[in-house]
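J.: For reference, the structure I am asking about is given below.
The values are calculated or read from the model by the stated rules, or taken from the named source; none is laboratory data. Everything numeric here is computed off the predicted structure, so don't read it as measured data. Cβ: placed from backbone, ideal geometry, glycine included. Neighbour counts: every protein chain shown.
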Amino acid sequence: MSVATAATSTSARPRRRSRGGGQRSAPYVFLAPFIVLFVGFLIVPIGLAVWNSLHTVQRSGLGFGSSSETAFTGLSNYTDALTNPEFLDGLGRVLLFGAVQVPVMLALALVLALLFDSAAVKFTRFFQLSVFLPYAVPAVVAALLWGFLYQPQVSPIVDALGSVGIDPDFLAPGTVLWSIANVTIWSVTGVNMIIIFSALQTVPREIYEAARIDGAGEIRTALRIKMPMIAPAIILTALFSVIGTLQLFNEPMVMRSVTSNVSSEYTPNMMIFSTTTQGGNINLGSAMAILLGLVTFALSVAVSAASNRRGGKR
């Protein structure tokens, strides 16, 4: 009997080991698709862009029989990008755009979320859907729609303002940037409102009841209780907005068909597109893309650091 028991336990040991090995490898099996896609669609393209930015295609010969070869040129493409006035103007333009558009959009999203979370607004679901619907409209379609509303010849908005003595020019050189900002605010305020509103739903209602017992009104409750408790959601929307601002492309590209005050180098992404596709200079375009990515990363880190510093002071 003891011999049979020992044989049984001996034969069971390898099975236990195999099960343990399978359990240890299971997380890697589930992570494998993500790792493959992450490397293939993010790491490899970034590495290829860095490699292209450090090289230049040099062509030799005239007419027939000309040849080209790729040569290592170090940081020369980065120097060309940083000394290109059109690229720098576009970068400064989107930074100014973000400095105005992001706070205005976040303020609207926050106010709407606080209103929908309060008892002051009836038919909350209907109004939430109404505010969110513009986000479901593709950016190209939204830009075409607003481009129609900006044209003086056919715009009902221009006609209505003209009837009260106001003669606006939404597509003038000094106002077209803010007309584009209006399109983006109209498009993305709803989704940021949903993120902030969802964060408000996680706050325990007992805290609000305690605040009311202490005599706090709706405004004081929103400023002293709700906003501090949903600060991570506000920071998240701010980060997404900063990244989206620096990637501005669809709206100004569509506006080019409406006005001549938007050039092909109006934003850094448009400059990169123009340099690589129309100019055929992939190496310089890659350097511009890397620089834009570094600026985006630096601003994202700055926003995170500032929010963490404020959270630490509390």
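J.: Go through (1) in a helix (DSSP H, G or I); (2) farther than 30 Å from SER263 by Cβ; (3) among the basic types (Lys, Arg) one by one and return the number of the condition LYS122 breaks.
T.: (1)
J.: Which members of the stretch 51-74 meet the condition of being loosely packed, with under 14 Cβ neighbours inside 10 Å and at pLDDT 90 or above?
T.: TRP51, the sole residue that qualifies.
J.: Right, ALA99: under 29 Å from PRO268 (Cα atoms) and surrounded by 15 or more Cβ atoms within 10 Å (Cβ to Cβ) or not?
T.: Criteria not met by ALA99.
J.: Quick check on this structure: which one of SER264, SER260 is more than 18 Å from ALA81 (Cα to Cα), among the hydroxyl-bearing types (Ser, Thr, Tyr) and without any contact (Cβ under 8 Å) to a residue 60 or more places away in the chain?
T.: SER260
J.: Test of understanding: among GLY293, GLY280, which residue is on the phi > 0 side of the Ramachandran plot and assigned by TED's automatic domain parsing to the domain that holds VAL102?
T.: On the way: GLY293 fails: on the phi > 0 side of the Ramachandran plot.
Only one candidate qualifies: GLY280.
J.: Something else about it: Could you say which residue among VAL301, VAL254 is modelled with pLDDT of 90 or more, part of a helix (DSSP H, G or I) and of a type in the set (Val, Ile, Thr)?
T.: Going through VAL301, VAL254 in turn, the sole match is VAL254.
J.: Still on this model: Could you pull out the residue among ASN269, ASN283 that is part of a helix (DSSP H, G or I), in contact with a Leu (Cβ under 9 Å, 6 or more places away or on another chain), without any contact (Cβ under 8 Å) to a residue 60 or more places away in the chain and crowded, with 16+ Cβ neighbours inside 10 Å?
T.: ASN269
J.: Further question on the same structure: How do the pairs read when you match residues in the stretch 132-147 that are under 12 Å from SER257 (Cβ atoms) with residues anywhere that are surrounded by fewer than 15 Cβ atoms within 10 Å (Cβ to Cβ), using Cβ under 9 Å and keeping only pairs 6 or more apart or on different chains?
T.: The qualifying pairs are LEU144/SER257; GLY147/SER257.
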